[in-house]
Amino acid sequence: PPLSNMQNAYDFEQVAKNILPKDAWAYYSCGSDDEISMRENHYAYQRVYFRPRICVDVKEIDTSTTLLGSETSVPFYVTATALAKLGHPEGECSIARGAGKEGVIQMISTLSSMSLKEIADARIPGATQWFQLYINEDRKIAKEMVKEAENLGMKAIFITVDAPSLGNREKDKRMKFVNDTDVDLGDTVDRDSGASKALSSFIDCSVNWKDIKQVKSWTHLPVLIKGVQTVEDVIEAYDAGCQGVVLSNHGGRQLDTSPPPIELLAETVPVMKKLNKLRPDFEILIDGGVKRGTDVLKAVAIGGKDVRVGVGIGRPFLYANSGYGEEGVRKLIQLLKDELVMDMRLLGVTKIEDLTSRHVDTRRLIGR
Ligand code: FNR
């Protein structure tokens, strides 16, 4: 269908399902075990209600804000997903151009299907890119990756810690992973049981808090932890001097029935506030199940005046890129931006910074 038919994130998912090779669709769309976390990531947003304020002058709406000090046209970003080339020949580069042209930040995966240099070269001047790091067993390689990211102008390092081994992704396991996408996976990978298994040889399961401190010592960039799933670990990350966390269960692809990030966010903010462990340079990002402008506003509002919250979106961008490349990525951003503008108007908020915890009712979410 023509791009102009696309009305929302779900439309791109339908297109991707129809056009992607079976193995790519399985790899992108699957969750682990019974896919309960994957579904709940999304459904949990439905348990948050708005508290819209009326008679606010909402003539001028501004969706822009900053994340980790970088300007962004919206409070959401494209999060790191592996192997964009499975869906589109321009892979991560068309995502870089699409996001950059719309003023949206891109997080780039260690397991991208193109080199970091290529993706950095595709960056639109003035755009922001972040680097997602899987700590390699060989710490020299990990350090080189961080240095390269720094040299290529990445603005933050996100260490993913929720995948010491890859989750049980059965749809994906049923596929043989045929590497015909120029993805350089080396000779050591196991290609006989899906893309996930093939990638898992890149990840070291011994990673612990000492490694986090070591990565911090390698770079002046902000270091954040991606894949935090309890309040305890938000506190650990804060105490370790990280600039923030990503509350995430990897899109429901790792431990099934791990908590939906929006629920964890609602639990986390009051605790961190009570412990006086919030500082302006500690940001809480969140990803998983986000499909709508309303989802984004709910997360940012829960952070409210206490902590800056940014929202990562994964699969919907892979789907938009698979179907339409750069133009698809741009269209999805524009649709979400349009939703944000309308939703902010209806909520009675003109600027992202004006969202407060009083704009949402989280009683059904955390049962206070
Ligand atoms: C991911 N994710 C991921 N995370 C990461 O840190 N490094 C990676 O290489 C990948 N790869 C990856 C591939 C695919 C196909 C998916 C769907 C996800 C997890 C990703 O960053 C994010 O946490 C989720 O995708 C968010 O959920 P939604 O938006 O996809 O529902």
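Considering segment 99-113, and only residues there that are over 16 Å from residue 146 (Cβ atoms) and either part of a helix (DSSP H, G or I) or modelled with pLDDT of 95 or more (or both), the residue that is nearest to the ligand (Cβ to nearest atom) turns out to be 106. Answer with yes or no whether residue 7 is of a type in the set (S, T, N, Q) and part of a loop (DSSP other than H, G, I, E, B). For residue 7, the condition - of a type in the set (S, T, N, Q) and part of a loop (DSSP other than H, G, I, E, B) - is met.
State whether one or more residues within segment 53-76 are under 18 Å from residue 353 (Cβ atoms), touching a helix residue (DSSP H, G or I) at 6+ places or on another chain (Cβ under 8 Å) and within 13 Å of the ligand (Cβ to nearest atom).
Taking every residue of segment 53-76 in turn, at least one turns out to be under 18 Å from residue 353 (Cβ atoms), touching a helix residue (DSSP H, G or I) at 6+ places or on another chain (Cβ under 8 Å) and within 13 Å of the ligand (Cβ to nearest atom).
Among the strands (runs of 3 or more DSSP E) contained in segment 22-85, which hold 1 or more residues that are in contact with a strand residue (DSSP E or B) (Cβ under 7 Å, 6 or more places away or on another chain) and among the polar types (S, T, N, Q)?
Details: elements: 65-67, 70-72, 76-78.
Strands (runs of 3 or more DSSP E) meeting the threshold: 65-67, 70-72.
Being out of contact with any strand residue (DSSP E or B) (no Cβ under 6 Å at 6 or more places or on another chain) and within 14 Å of the ligand (Cβ to nearest atom) is the filter here; which residues of segment 285-313 pass it? Within segment 285-313, 288, 289, 291, 292, 295 qualify.
The residue list 296, 223, 245, 309 contains one member that is touching a Cys at 6+ places or on another chain (Cβ under 6 Å) and at pLDDT 95 or above, which is 223.
Taking the condition surrounded by fewer than 20 Cβ atoms within 10 Å (Cβ to Cβ) and either of a type in the set (Phe, Trp, Tyr) or without any contact (Cβ under 8 Å) to a residue 40 or more places away in the chain (or both), does residue 358 pass? Don't jump to the end; show me each part of the working.
On the way: surrounded by fewer than 20 Cβ atoms within 10 Å (Cβ to Cβ): yes; either of a type in the set (Phe, Trp, Tyr) or without any contact (Cβ under 8 Å) to a residue 40 or more places away in the chain (or both): no.
The answer is no for residue 358.
Close Cβ contacts (under 8 Å, 6 or more residues apart or on different chains) running from residues in segment 1-13 that are touching a residue at least 24 places away in the same chain (Cβ under 8 Å) to residues that are assigned to a loop (DSSP other than H, G, I, E, B) and surrounded by 11 or more Cβ atoms within 10 Å (Cβ to Cβ) comprise 8/291; 8/292; 9/291; 9/292; 10/291; 12/6. So, residue 38, is that one crowded, with 20+ Cβ neighbours inside 10 Å, within 19 Å of residue 314 (Cα to Cα) and away from the ligand (no atom under 16 Å from the Cβ) or not? It is false that residue 38 is crowded, with 20+ Cβ neighbours inside 10 Å, within 19 Å of residue 314 (Cα to Cα) and away from the ligand (no atom under 16 Å from the Cβ). Across segment 227-262, the number of residues qualifying as among the hydroxyl-bearing types (Ser, Thr, Tyr) and within 14 Å of the ligand (Cβ to nearest atom) comes to 2.
Looking only at residues of segment 1-11 that are more than 12 Å from the ligand (Cβ to nearest atom) and not polar (S, T, N, Q), we find that the one that is surrounded by the most Cβ atoms within 10 Å (Cβ to Cβ) is 6.
Among the residues of segment 278-332, which ones are of a type in the set (D, E, K, R), in a helix (DSSP H, G or I), within 22 Å of residue 108 (Cβ to Cβ) and over 12 Å from the mean Cα position of the chain (by Cα)? Outline the logic, then answer.
Step one: list which residues in segment 278-332 are of a type in the set (D, E, K, R), which gives 279, 281, 283, 287, 291-292, 295, 298, 305-306, 308, 315, 326-327, 330-331.
After this cut, where a residue has to be in a helix (DSSP H, G or I) as well, the list is 295, 298, 315, 326-327, 330-331.
Among the residues that remain, those that are also within 22 Å of residue 108 (Cβ to Cβ) are: 315, 326-327, 330-331.
Within segment 278-332, 326, 327, 330, 331 meet the criteria.
Taken together, 47, 39 contain a single residue that is out of contact with any Asp or Glu (no Cβ under 7 Å at 6 or more places or on another chain), farther than 20 Å from residue 347 by Cβ and not small (Gly, Ala, Ser), which is 39.
Residue by residue, here is whether (1) without any contact (Cβ under 8 Å) to a residue 24 or more places away in the chain; (2) within 24 Å of residue 293 (Cα to Cα); (3) buried (at least 23 other Cβ atoms within 10 Å of the Cβ) holds:
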position	(1), (2), (3)
26	no, no, no
48	no, yes, yes
80	no, yes, yes
83	no, no, yes
96	no, yes, yes
103	no, yes, no
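Kindly check whether there is at least one residue in segment 228-239 that is in contact (Cβ under 8 Å) with a residue 12 or more places away in the chain, over 30 Å from residue 152 (Cα atoms) and buried (at least 24 other Cβ atoms within 10 Å of the Cβ). No, that holds for no residue.
What are the pairs, 6+ residues apart or on separate chains, where a residue within segment 136-156 that is closer than 18 Å to residue 96 by Cα has its Cβ under 7 Å from a residue that is in a loop (DSSP other than H, G, I, E, B) and polar (S, T, N, Q)? That search, which allows pairs on different chains as well, returns 150/219; 155/128.
The values are calculated or read from the model by the stated rules, or taken from the named source; none is laboratory data. Remember, predicted model here, so these are calculated numbers, not experimental data. Glycine gets a Cβ as well: all are built from the backbone with ideal geometry, and neighbour counts include every protein chain shown.
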